[in-house]
Amino acid sequence: VQLQASGGGLVQAGGSLRLSCAASGRTFNNYIMGWFRRAPGKEREFVAALTRFGGSAIFGDSLKGRFTCSRDNAKNTAYLQMDNLKPEDTAVYYCAASQTPVPRSTSTAYDYWGQGTLVTVSS
C-alpha cells in the first residue's frame, strides 16, 4: 500500500491541525493505521494507532486528550486531529500501515510508511 501524508504546516501554540494520510494500492481496511513523529534531534516517537474500522485507538504518552485519530475507509484516508498544540509537538509526522492483529506502538510493526509532513508549532 502507498501512503501520502499531508496537512502539516505552521501553527501557533494552542492551535489545531488535522493531518491526512491517503492510501492507495491495496484494501485500506486490511491495515491498522499508525502515526509517528520525529522531532529535530530526537528519536522517532509513537503518536497513535487506530484499528481497521476505527473502533479503538492507542496513543503515545501524554498525547491522549489532545490528539485523536480516525479513518474513512470509503475514502482510503486516515486522519490525525491535533488540538492544543505545543512547541514540543514540532516534528515531521509520518503515517504508517500495519498488518498486525491489534494496534502497536513499535515502528517495527509497520510495513508501509508515508513520506512525512512537517508540523511546526510556534510559541
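Some observations on this one:
- Every residue from the range 106-123 that is part of a loop (DSSP other than H, G, I, E, B) and open to solvent by 60 Å² or more (accessible area, probe 1.4 Å): THR106, GLN115, SER123
- Residue that is surrounded by the fewest Cβ atoms within 10 Å (Cβ to Cβ), among those in the range 64-104 that are aromatic (Phe, Trp, Tyr) and more than 17 Å from VAL1 (Cα to Cα): PHE67
- LEU17 vs. criteria at pLDDT 95 or above and under 22 Å from ASP83 (Cα atoms): yes
- In the range 1-12, the residues that are in a loop (DSSP other than H, G, I, E, B) and either more than 19 Å from ASP111 (Cβ to Cβ) or open to solvent by 20 Å² or more (accessible area, probe 1.4 Å) (or both): GLY7, GLY8
- Pairing each residue of the range 13-36 that is in a helix (DSSP H, G or I) with any residue that is not acidic (Asp, Glu), provided the two are 6+ apart or on different chains, yields C-beta distances under 6 Å for PHE28/ASN73; PHE28/ASN76; ASN29/ARG52; ASN29/ASN73.
- Checking each residue in the range 90-112 for being of a type in the set (Val, Ile, Thr) and touching a strand residue (DSSP E or B) at 6+ places or on another chain (Cβ under 9 Å) picks out THR90, VAL92, THR100, VAL102, THR106.
- The one condition in (1) at pLDDT below 95; (2) open to solvent by less than 50 Å² (accessible area, probe 1.4 Å); (3) on the phi < 0 side of the Ramachandran plot that THR27 fails to fulfil: (2)
- Scope the range 40-63; condition assigned to a strand (DSSP E or B), crowded, with 16+ Cβ neighbours inside 10 Å and in contact with a helix residue (DSSP H, G or I) (Cβ under 9 Å, 6 or more places away or on another chain); matching residues: PHE46, ALA49
The values are calculated or read from the model by the stated rules, or taken from the named source; none is laboratory data. Predicted, not measured: the structure shown is a model, and the values here were computed from it. For neighbour counting, all protein chains shown are included, and Cβ atoms are generated from backbone atoms with ideal geometry for every residue, glycine included. All accessible areas refer to the heavy atoms of the entire protein, side chains included, with ligands and DNA or RNA removed. Shrake-Rupley method; radii C 1.70, N 1.55, O 1.52, S 1.80 Å.
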